[in-house]
Amino acid sequence: MAKRTLPEVHAGSMADIAFLLLIFFLVTTTIDKDKGLIRQIPNNENTVPFHERNVLPILINGNGEILIDYELTKASEITDIALAFIDNGGATSDQETYCSYCEGKRDRYSSDTPQKAIIAISTQRTTPYGDYITVQNELTKAYTILRNRESQKQYGYAFTDINKQVKEGHFKGDLKKVKAELKVIKDKYPILIIDAEMKKRGSL
């Protein structure tokens with residue numbers, strides 16, 4: 001009785017198919033980019049002395065409650081509080097840190113100048129990430145308002161609009177000049193938001 005021969009499997013074509021499938025998935029698959037917030041992490045080795053009045057402490061507890069300067073605060077109130085703090089201009093005219101362009105109340109118990117106004121955010125392990133982002137967004141809104149106001153006053157345009165055009169490469173005009181102007185506004189209202197450990201009142 002003759003032995004039956006098993007048909008051979010042509011593996012060559014399977015390798016081609018596998019390669020084509022690999023190319024297909026590489027081309028069609030979208031990879032999410034990591035998104036985050038650009039913030040400067042405080043370096044304990046390069047700390048500088050600061051006064052308590054120049055720090056606005058914000059705590060987001062495990063329940064998502066927001067405490068600003070140790071008082072329970074609604075998310076909708078954050079922008080206005082940040083505006084008042086950053087733009088306070090508490091330094092007197094005879095001081096080197098006097099802010100001539102600030103339009104705040106000039107409360108001597110609040111921040112001296114925008115260059116010294118630090119917003120320190122503290123969280124707990126169970127703090128909802130969404131609430132943390134909400135706080136960051138409200139603070140960013142405050143800086144945006146101040147930068148746009150000063151930019152309109154000095155140069156007649158909104159800081160955010162021109163800054164976006166420059167970043168995306170769409171700006172048509174004197175690029176060197178406008179970059180210098182944007183830097184002036186950034187220097188007047190630097191974003192000083194840090195993640196910090198909440199301390200007891202009076203220990204800052």
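The values are calculated or read from the model by the stated rules, or taken from the named source; none is laboratory data. A quick note: this is a predicted structure, and the numbers were derived from the prediction, not measured. With ideal geometry, Cβ positions are generated from the backbone for all residues, glycine too; neighbour counts draw on all protein chains shown. The accessibility values were calculated without ligands, DNA or RNA, using every heavy atom of the protein model including side chains. Shrake-Rupley method; radii C 1.70, N 1.55, O 1.52, S 1.80 Å.
Which ones in the range 143-201 are among the hydroxyl-bearing types (S, T, Y) and either open to solvent by 50 Å² or more (accessible area, probe 1.4 Å) or farther than 19 Å from I119 by Cβ (or both)?
Within the range 143-201, S151, Y155, Y157, T160 qualify.
For the range 40-64, which positions are open to solvent by less than 70 Å² (accessible area, probe 1.4 Å) and modelled with pLDDT under 55?
P42
Taking the options Q136, Q124, name whichever one is under 30 Å from T73 (Cα atoms), loosely packed, with under 14 Cβ neighbours inside 10 Å and touching a residue at least 12 places away in the same chain (Cβ under 8 Å).
Q124
Hey, which of the strands (runs of 3 or more DSSP E) in the range 61-137, taking only ones fully inside, have at least 2 residues that are within 30 Å of K153 (Cβ to Cβ)?
Those strands (runs of 3 or more DSSP E) span 118-123.
Would you point out which residue out of K188, K105 is over 14 Å from the mean Cα position of the chain (by Cα) and free of Cβ contacts under 8 Å to residues at least 24 places away in the same chain?
After applying the criteria, what remains is K105.
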